[in-house]
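*Asks:* Let me give you the structure first, and then I'll get to my questions.
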Amino acid sequence: MQNDREAVRQPGGQKYLGSGGLIAFIALLSAFVPLSTDLYLPALPTMARYFNAPQALVNLTLILFFVFYSAGTLFWGPLSDKYGRKPVILSGLVLYLAAGVLCAVSLNIYLLVLFRVLQAVGGSAASAVATAIVKDVYSGRKRESVLALVQSMVVISPAIAPVLGALLLRLTSWRGIFVSLAVIGLIALTGAVALQETSVKSTQATVRQSIGRLGVVLRNLGFSSMLVIFSLASVATMAFISSSSYIFQNGFGLSGQVYSYFFTFNAVGMLLGPLLYMRLSARFRRRRIVSVCFAVMAVSGGAVCLLGSMGPWFLVCALVPSTVASSCIRPPATYLMLEQQTGDTGSASSLMGAFSMLMGSAGMMLVSFNWSRPVVVVGAVNVAVGIVCGLLWAVFYKKPYIRHFSEISAVADQPHTT
């Protein structure tokens, strides 16, 4: 294992995966959240009818997934600092695969909720380790470029997952969708077997001491302030995702297939965001780009409140700017958070994943109540998140404990001259 760790410090050191294979594998690990949720979004109304269960109870398969996914990352991340990335990924993916099969054969909604919790705990190992691998292997501007590339690949999954889910529902039942998730877990497990260890450092600390490093990382004011600001953006994203199937199918009366097309139209904005950031960062400072993105989220949310209830096209057109803006923020957000922390990469990565999921769960809970106008609620959440995050960003970015040394080497942060 030690030889494995010393051999792999650059992407070319991956004997079996290679440079491109490593990036694709990281992207797959990073995509476990949207794949595990968006693929079966079109089936939520069907599942509610099948189990004769209220919407709030069926939504627990989403809400608790995010809660335990968050908790799981806090467990797996520090362990990856102690034992290495590969053993953690293998353990988590085996659990994810088994839980996916159990979800497919669930006899009632309560068993399905339980198995989704297990699936969340297993899948959380993927997110906890994916970002850590990026920091293990890449540095500087290259790291930011890889993050943008990976996240562009990742956001393809929410664009195609609902469409695939709707197609699967035409060929099979909701159970077949969970079988598909198990197959995805098997593919990821195969990649994990081929992965060579990327973590060079190891620790002799106990498991309890390793998990305790989470507190050490949180006491880093630079990291924790960036963590809070960028995690809050997930509230708006998940508020729409979790309510979208009900809004389009129950509210606008669309079929599951047509709903998936509208969802995909909005999800294309997620794909464009990281690519847009890399182009903008060649001309503008990172700080300005992030500030504008938060402002766009607030304005777009206001448009949703005013126009979204008029029809599906009004809703997606009003919401797309916010979707692009929130996705555009992701590469610099991840990069800045990683740069605030010099050690405990696994713990830092797990906290980033956990806080994002917890904030996403809060957004899901906000829209899970029986609101008379859910579209307006989604818009209001975007307005609130854009304003709050924008103000926090303006205040904390100037604090002396925020580390800006990484900006010196980045083309994006040099003054633009013509």
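*Asks:* What FRET efficiency do you get for K398 and A71 if R0 is 45 Å and r is their Cβ-Cβ distance, rounded to the nearest 0.05?
*Replies:* 0.85
*Asks:* While we're looking at this one, here's another question. Provide Rg over Rh for region 240-302; use the alpha carbon set for both Rg and the Kirkwood Rh (inverse mean inverse pair distance).
*Replies:* A ratio of 1.12.
*Asks:* Sort 176-184, 321-329 for me by packing, meaning the mean count of neighbouring Cβ atoms within 10 Å per residue, highest on top.
*Replies:* 321-329, 176-184
*Asks:* Moving on. Using Cα pairs under 8 angstrom and six or more residues apart, how large is the relative contact order of the chain, in percent?
*Replies:* 25
*Asks:* Return one quarter of the surface area of the convex hull spanned by the alpha-carbon atoms of region 62-109, equal to its mean projected area, in nm².
*Replies:* 3.7
*Asks:* Further question on the same structure: Using a 1.4 angstrom probe on heavy atoms only, work out the carbon and sulfur share of the accessible area of region 314-368 in %.
*Replies:* Ligands and nucleic acids excluded, carbon and sulfur give 71 percent.
*Asks:* Kindly point out which whole DSSP H helices in the chain project their C-alpha atoms 30 angstrom or further along the helix axis while averaging a Kyte-Doolittle hydropathy of 0.5 or above.
*Replies:* Flagged H segments are 55-83, 109-137, 174-194, 256-280, 286-307, 312-340, 345-368, 374-396.
*Asks:* Evaluate the Kirkwood expression for the hydrodynamic radius of the chain, namely the inverse of the mean inverse distance over all pairs of different C-alpha atoms, and round to one decimal in Å.
*Replies:* 21.5
*Asks:* Sticking with the crude label model, points 7 Å out along Cα→Cβ, report the distance from V94 to L57 in nm, one decimal please.
*Replies:* In this crude spin-label approximation the distance works out to 3.5 nm.
*Asks:* Can I ask one more? Could you tell me what percent of the accessible area of region 20-157 is made up of carbon and sulfur, with a 1.4 Å probe and every protein chain present?
*Replies:* 74
*Asks:* How much net charge surrounds M47 when only other residues with a Cβ under 12 Å from its Cβ are counted (Lys, Arg +1; Asp, Glu -1)?
*Replies:* Summing Lys/Arg as +1 and Asp/Glu as -1 gives +3.
*Asks:* Multiply the residue gap between A24 and T342 by 0.36 nm, knock off their C-alpha separation, and tell me the result in nm, one decimal place.
*Replies:* The span from A24 to T342 would gain 111.9 nm if fully extended.
*Asks:* How charged is the neighbourhood of Y401? Take every other residue with its Cβ under 13 Å from the Cβ of Y401, and add Lys/Arg as +1 and Asp/Glu as -1.
*Replies:* In short, +3.
*Asks:* Then there's this: Using a cut-off of 14 Å between beta-carbons, work out the net charge of the residues near N220 (Lys and Arg +1, Asp and Glu -1, N220 not included).
*Replies:* +2
*Asks:* Could I have the simple spin-label model distance between N370 and V216, label points 7 Å from Cα toward Cβ, reported in nm to one decimal?
*Replies:* A separation of 5.1 nm, rounded to one decimal place.
*Asks:* Give the value in nm², to one decimal: projected area of the alpha carbon convex hull of region 97-152, averaged over all directions.
*Replies:* For the Cα atoms of region 97-152, the hull's average projected area reads 4.7 nm².
*Asks:* Report the full-extension gain for the segment R49 to L306: residue separation times 0.36 nm, less the Cα-Cα distance, to one decimal in nm.
*Replies:* Taking R49 through L306 to full extension adds about 89.3 nm, to one decimal.
*Asks:* So between L64 and L272, what do we pick up on full extension, going 0.36 nm a residue minus the alpha carbon distance?
*Replies:* This chain segment gains 71.9 nm when fully extended.
*Asks:* How many nm separate the modelled label positions at V228 and I187, each set 7 Å beyond the Cα in the direction of the Cβ?
*Replies:* Distance between label points: 4.0 nm.
*Asks:* Using the heavy atoms of the protein chains and a 1.4 angstrom probe, tell me the accessible area per residue for the chain in square angstrom.
*Replies:* Heavy-atom accessible area per residue stands at 39 Å².
The values are calculated or read from the model by the stated rules, or taken from the named source; none is laboratory data. Computed from a prediction, not measured in an experiment: that's the story for all the values here. With ideal geometry, Cβ positions are generated from the backbone for all residues, glycine too; neighbour counts draw on all protein chains shown. Calculation scope for accessible area: heavy atoms of the full protein, side chains included, ligands and nucleic acids excluded. Shrake-Rupley method; radii C 1.70, N 1.55, O 1.52, S 1.80 Å.
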